[in-house]
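> Here it is, the structure in full.
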Amino acid sequence: MIFALVCWLLIWGGMFTDVVYLKSSLFPSDFHTLFQGVRAFFPLLALYLSFMWVLFRRARFPFFKDPLGLLFAYGGLGVFISLSLSSDPWRSAYWAAIYVAPFVVFWMVYTGEESLRRLKIIINLNYFVFFALTFSLLPSAIRVGKGLASAWQVYKLPLALGVVNRNGVGRYALIVIIVSAVRLISQHNIRRWLWLLPIFPAGYLLAQTESRTALLGLAVITVVFFLLKGINLRFLLLMPLAFSLIYTVGFRTRAHGQLNQLVYLTGREGAWIQGIQWIKESPWLGWGFHADRIMMNEAHMHNSYLHAAIQEGAVGFLLFVAAFVGIWALMLWKNVFKVSRNLKGQDQVFLIESVLIVAFLTSRSFFESTAAFYGVDLLLIIPAMAFISLMLKETGSSDVEPEASP
């Protein structure tokens, strides 16, 4: 388990950097540039170490009949396409390889009899990183002030690790709210009230960023939460609070009370039109990973499905869509709502959190490139989808064995 954790930390270690830091010189004189450039290879190191472990243990492929297998296939196909069709094959192949890396680490996590326990540890590690990132952004948020965040406002990470735009910050804040709120509601001891402490700064960040993808996600998870927990008068108070925040921050403040401003795409449609033109040039296999940056002047596609299509054409697009459709089909087929209400203890908590995270990232995927390339969303959705798959396979919808409350 320790080896898998080290590899997962290496995957995280490659976040907020790029190999371009080492492009100008093989031995940069500036330590920060060297550090950022070296970090970019951490996910490749994790890929190598975990793949060696798989070969040494002769571990069976774990992703058959699992939606994660479709994302793994999408990444594997991307490596081939990147090397053969990209106009910048090595840069493209680098991004394809680090996309595959977390799946190979999960090959280790899935192997053996205690996969669910190992998965919970990985999820808790993810939560720790998200809480740390959220709180590390508070000094930058305080400097922004309590006024409106500008349209291009960025928040600085500590130690000069990089910057995050407001949609990214809104994502971190909402994950903290999800985890804290679910544990506050699900626990039954006096310590539960400590989960209120992170909710307030996370709510402040969410409100300050005015991120519409995060506010949309808040609306979606509020509805899904009631379906998972069942109708309870105590929880009904949460819905007015959530939608009051959405109305005040999203409609009254961000959109100035104008519906056309609320649905304004902030230039995304231009990237979509340009991307579709490139997709038409190679409709079946696309142009390899990082194609939007390479072929569209460093533009970002801002849509998971178009992002998948420009990278891998119709074949990759179908694999990617099938993964999202597959996890939702599994949840509906196994009746995840009934399962979650019958479970007890940590299993219920982790399942509800995982479903809410998948629901949030699914809604986000239409306006950001969620899980279509290596990034924070990918490292968040892999464990969530994995936990849902493993838990539903173990329990089913008719033979749930509740875990004893701790």
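> Can you name the residue in the range 45-88 that is assigned to a loop (DSSP other than H, G, I, E, B) and of a type outside the set (D, E, K, R) and, of all such residues, is farthest from residue 285 (Cα to Cα)?
Once the filter is applied, the top-ranked residue is 59.
> Inspect the range 335-352 for any residue being modelled with pLDDT of 90 or more, closer than 20 Å to residue 174 by Cβ, surrounded by fewer than 22 Cβ atoms within 10 Å (Cβ to Cβ) and of a type in the set (Phe, Trp, Tyr) and give the result as yes or no.
No; the residues of the range 335-352 include none that is modelled with pLDDT of 90 or more, closer than 20 Å to residue 174 by Cβ, surrounded by fewer than 22 Cβ atoms within 10 Å (Cβ to Cβ) and of a type in the set (Phe, Trp, Tyr).
> Okay, moving on. All but one of (1) part of a helix (DSSP H, G or I); (2) within 17 Å of the chain's Cα centre (by Cα) hold for residue 108, so report the exception by its number.
Only one criterion is unmet by residue 108, namely (2).
> Shifting gears a bit: Go through the range 264-290 and report how many residues are free of Cβ contacts under 8 Å to residues at least 12 places away in the same chain and either in a helix (DSSP H, G or I) or of a type in the set (Ser, Thr, Tyr) (or both).
Going through the range 264-290 one residue at a time, the tally reaches 7.
> Then there is this: Taking the range 303-324, which residues are assigned to a helix (DSSP H, G or I) and either within 20 Å of residue 213 (Cα to Cα) or at pLDDT below 95 (or both)?
If the condition is that a residue be assigned to a helix (DSSP H, G or I) and either within 20 Å of residue 213 (Cα to Cα) or at pLDDT below 95 (or both), then 304, 305, 306, 307, 308, 321, 324 are the ones that fit.
> Filter the range 319-334 down to the residues that are hydrophobic (A, V, I, L, M, F, W, C), surrounded by 19 or more Cβ atoms within 10 Å (Cβ to Cβ) and out of contact with any Phe, Trp or Tyr (no Cβ under 6 Å at 6 or more places or on another chain) and list them by number.
Correct list: 323, 324, 327, 331.
> Condition test on residue 190, is it over 14 Å from residue 205 (Cβ atoms), at pLDDT below 95 and surrounded by 14 or more Cβ atoms within 10 Å (Cβ to Cβ)?
Values: over 14 Å from residue 205 (Cβ atoms): yes; at pLDDT below 95: yes; surrounded by 14 or more Cβ atoms within 10 Å (Cβ to Cβ): no.
So residue 190 does not fit the description; no.
Here's the yes/no breakdown for (1) modelled with pLDDT of 90 or more; (2) not aliphatic (A, V, I, L, M):
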residue	(1), (2)
25	no, yes
31	no, yes
34	no, no
45	yes, no
53	yes, yes
64	no, yes
70	yes, no
80	yes, yes
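> Are there any pairs, at least 6 apart or on different chains, whose C-beta atoms fall under 6 Å, with the first in the range 301-327 and within 15 Å of residue 370 (Cβ to Cβ) and free of Cβ contacts under 8 Å to residues at least 24 places away in the same chain and the second surrounded by fewer than 24 Cβ atoms within 10 Å (Cβ to Cβ) and among the β-branched types (Val, Ile, Thr), and if so, which?
none
The values are calculated or read from the model by the stated rules, or taken from the named source; none is laboratory data. The structure presented is a predicted model; accordingly, all values stated were derived computationally and were not measured. Reconstructed Cβ throughout: ideal geometry from the backbone, glycine too, with neighbour counts over all protein chains shown.
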